[in-house]
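Participant: Before I ask anything, let me first share the structure, which is written out below as C-alpha cells.
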Amino acid sequence: MFSCIRGKERTFRNLVNGEWLSSESGKFIEIYSPIGENCLVGKVPAMTKEEVDQSIKSAKIAQNEWRNVPVSKRADILYKAADILVEKLDDIADIMMREIGKDRKSSESEILRSADYIRFTADTAKNLSGESIPGDSFPGFKRNKISIVTREPLGVVLAISPFNYPINLAASKIAPAIVAGNSVVLKPATQGSLCGLYLAKVFEQAGAPAGVLNTITGRGSDIGDYIVTHPEIDFINFTGSTDVGTKISRITAMVPLLMELGGKDAAIVLKDADLDLAASNIVAGAYSYSGQRCTAVKRILVVNEVADKLVEKVKEKVEKLKVGNPLEEDVDIVPLIDERSADFVWELIDEAREKGAHLLVGGKRDGNMIYPTLFDNVTTDMRLAWEEPFGPVLPIIRVKDKDEAIEIANKSEYGLQSSVFTENINEAFYVADRLEVGTVQVNNKTERGPDHFPFSGVKASGIGTQGIRYSIEAMSRPKATVINIVR
Ligand code: NAP
Ligand code: G3P
C-alpha cells in the first residue's frame, strides 16, 4: 500500500564512555519502517553481555565525579541539550516518522515538548532546596539537635523506554536522572532505538561528560534480564507494557523501581455532560497516533440517558479521521508499529464482533493498518472491555448510572487515568473521588501533560510517580546529617 522511501538507512553505534562504538561481535538488528514494505531505516548493534558490562561500568565510574559537579553546571548541559534538540527538529522528526510511523505534527510536538521538559527540569533542579528539621518537635528531645536534609543521587540509573514516544520517554528519564547527579544507561525500545541514539548524541553534543550517559541496544528478549539484574544498576526507570514491567519487578531484588505501564483509561460521560466537548475529546484521545499511547481513551462508559446522542457525535467524528501514510500526507491514523500488534488488535475486534458488539465504524484492515474502529453495545464479557489494544479501536459500554460506570472503571486491572465529563461539579467530585487511578481528568481527554504534573499509575499501571519534580525526587534520596550541639 505504501511506497518505501529509501536513502536514509544507516548503521548506528552506541555511546559508551564518550565514544561511539560499533558492534564488536558484528551482530546488528535491522530496523524496518512500519510504513512501507521492507524499508530498512537503520541498523543497531545487538550488544553482547560483555558490551553491556562495558556500558554499565563506564556509567559507574563516571558517576563518581559527576555527583560532585555543581547543579548549575549540570543544568547548563540540559539547557544546551534542549537548544540542540530544537535545532535538530527536522532531522529527528524525519527519523521518528520513518522509524515508528508517527505523523509529522505529533513527531514535531513530541520533540519540542521534550526540549521544554529538559529546560523545565534544569529550572526545577536549580530551585530545589533541602530542609532543616529541629529535634525538639519530637517528644523527649531538647533544642540541641537539628537534622539537615540534603538530596543525594542514587548512582547508575537504567532507563528503559518504549517505542511510542522514543524521544520524550527517554528524555524524561535522562534529564531528571543526570541533573540529580546520577549517570544513565539508556536502553531504548529496539523499534525506536534510532531516535534514542539521536537523543544520546544531543546530550553528548551538549557537553555531557564521557560515561554520564551511555546507551545499550539489543532486543529486550535477549539482553533485558541481564541488564535489569546487573549488580551495578542502582535504579530502574521503565516505561512499557505491564507484562515486561511485572517480569522486571519479579526478577530484580533491592533495586528501586519507577514504572509507567499499560492502561485502559475510561471516559465516563454523565447525563449533564457537554456532549460536543466530550465527543471531540474522546475521539482525539482515543485515536491520535492510532491509539498507541498509554493514556489513550480506551473505553467509553456512557449513561443510557445520553448514550444515543453521544454515540452519534462520536461516530460522525471517527468517520472523518484521515487514514494514510504520514510521510505522504497529513493523517490521523497511521499503520501500527508492526504486524504482530495489528494481529492482536484484530483479534479483539473479531471477538467483539462475534459476541454481538455493534460495529459502527471501521472493522477493516490492510496489513498493519487498522482502520479507525468504533463499537457500540460492548459488554463486559468481551475482551475489548478489559484489554489494552494499543490500536485505533474504541468500545462503548452503556451503563445505567454513574455508580455502574465507576464500578466497571475500577474493575479493570489497570489504573492509569480516567476522564469524567459532566457540567455538575458535585458529580465530577463524586466520580473522581471513587476512581482508582493516578489522575482523573474533569472535562478533558486523558493525557499526561503538562509534564510537571504528577503522573502515575496504580494497580497494573505502574509503581511510583513521574513528573519533573517528582522524577528528580524519585531518582535521588534524602540524606540526613544530624548536628548535635554540645552545651
Ligand atoms: P514493551 O514491549 O514492554 O517494551 C518496552 C521496553 O522494554 C523496550 O525497550 C523493550 O525492548 C524492553 N524490554 C522488553 N523485554 C524486556 C526484558 N525482559 N527486560 C528488560 N527490558 C525489556 O512495550 P512497548 O511495546 O515498547 O510499549 C507499549 C506499552 O507501553 C503499552 O502497554 C503502553 O501502555 C505502555 N506505555 C506506558 C506508558 C506510561 O507512561 N504508563 C507510556 C508509554 C507506553 P525491545 O524493544 O528490545 O523489546
Ligand atoms: O504513552 C505515553 C505517555 O507519555 C502519554 O503522553 O501526552 O500522549 O498523554 P500523552
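Participant: DSSP beta bridges in the chain, what fraction antiparallel, as a percent rounded to 5?
Facilitator: Among the beta bridges of the chain, antiparallel pairing accounts for roughly 45 percent.
Participant: Contact order normalised by length for the chain, with contacts defined as Cα pairs under 8 Å and 6 or more residues apart; what percent is it?
Facilitator: That works out to 17 percent.
Participant: While we're here: Mean residue ellipticity at 222 nm from the helices of the chain, using -39,500 (n - 2.57) per DSSP H segment of n ≥ 4 over the full residue count, to the nearest 500 deg cm²/dmol?
Facilitator: Result for the chain, helices only: -12000 deg cm²/dmol.
Participant: Right, next: When the Kirkwood radius is taken over all Cα pairs of the chain, what Stokes-Einstein diffusion coefficient follows at 4 °C and 1.567 mPa s, in µm²/s?
Facilitator: Taking Rh from Cα pairs, D becomes 55 µm²/s.
Participant: Is there a quick way to get the dipole size of the chain? I mean about its Cα centre, with the Cβ of Lys and Arg at +1 and of Asp and Glu at -1; what is the value in debye to the nearest 20?
Facilitator: Charge dipole, the chain, about its Cα centre: 1620 debye, nearest 20.
Participant: Once Rh for segment 289-357 is found with the Kirkwood sum over Cα pairs, what is the Stokes-Einstein diffusion coefficient at 4 °C and 1.567 mPa s, in µm²/s?
Facilitator: 90 µm²/s
Participant: Further, regarding this structure: Around GLY155, with a cut-off of 12 angstrom between Cβ atoms, what is the net charge of the other residues, counting Lys and Arg +1 and Asp and Glu -1?
Facilitator: Neighbourhood net charge equals 0.
Participant: Then there is this: Once both labels are modelled 7 Å past Cα along the beta-carbon direction, what's the ARG487-ILE146 spacing in nm?
Facilitator: It is 1.4 nm.
Participant: Is segment 266-452 best put as rounded, prolate or oblate by its Cα gyration tensor, with a ≥ b ≥ c the root eigenvalues, rounded for a/c under 1.5, and otherwise prolate when a/b is larger than b/c, oblate when not?
Facilitator: Verdict is prolate for segment 266-452.
Participant: Taking 0.36 nm per residue of sequence separation and subtracting the Cα-Cα distance, how much length would be gained by fully extending the chain between ARG10 and PHE138, in nm to one decimal?
Facilitator: Gain on extension, ARG10 to PHE138, equals 39.8 nm.
Participant: Hey, quick one: spin label on ASP91, modelled 7 Å out along Cα-Cβ, who in segment 177-194 has an amide N within reach, i.e. under 17 Å?
Facilitator: 193-194
Participant: To the nearest Å, what is the center-to-center distance of segment 29-89 and segment 221-273, using C-alpha atoms only?
Facilitator: 20 Å
Participant: Tell me the label-point distance for the pair ASP433, LYS27, using the 7 Å Cα-to-Cβ offset, in nm and rounded to one decimal.
Facilitator: Between ASP433 and LYS27, the label points sit 5.7 nm apart.
Participant: What is the sum of charges, Lys and Arg at +1 and Asp and Glu at -1, for the other residues whose Cβ falls under 15 Å from the Cβ of VAL228?
Facilitator: Charge balance near VAL228 sits at 0.
Participant: Which of the GluC sites (Glu not before Pro) across segment 365-452 are loop residues per DSSP, with 16 or fewer other Cβ within 10 Å?
Facilitator: Within segment 365-452, the qualifying GluC sites (Glu not before Pro) (loop, at most 16 other Cβ atoms within 10 Å) are GLU413, GLU423, GLU436.
Participant: Hey, got the dipole for segment 77-148? About the Cα centre, +1 on K and R Cβ, -1 on D and E Cβ, debye to the nearest 20?
Facilitator: The dipole magnitude comes to about 540 debye.
Participant: How large is log10 I(q)/I(0) at q = 0.14, 0.17 Å⁻¹ when the Debye formula is applied to the Cα atoms of segment 81-180, each weighted equally and without solvent?
Facilitator: -0.64, -0.81
Participant: With the cut-off at 14 Å, report for segment 389-466 the share of all Cα pairs above it, as a whole percent.
Facilitator: Counting every Cα pair in segment 389-466, those more than 14 Å apart make up 66 percent.
Participant: Continuing with the same structure: Suppose the chain between ASP225 and LYS322 were pulled fully straight at 0.36 nm per residue; how much longer would it get relative to their current alpha carbon spacing?
Facilitator: So the chain would gain 30.9 nm between ASP225 and LYS322.
Participant: Here's something else I'd like to know. Only four residue types carry charge here, +1 at the Cβ of Lys and Arg and -1 at the Cβ of Asp and Glu. Report the dipole size of segment 266-452 about the Cα centre in Debye, rounded to the nearest 20.
Facilitator: 100 debye
All of the numbers you see were taken from the coordinates with simple rules; none came from a lab. Owing to the predicted nature of the structure, the values given are computational and were not obtained by experimental measurement. Cβ coordinates were reconstructed from backbone atoms using ideal geometry, including for glycine residues, and neighbour counts include every protein chain displayed.
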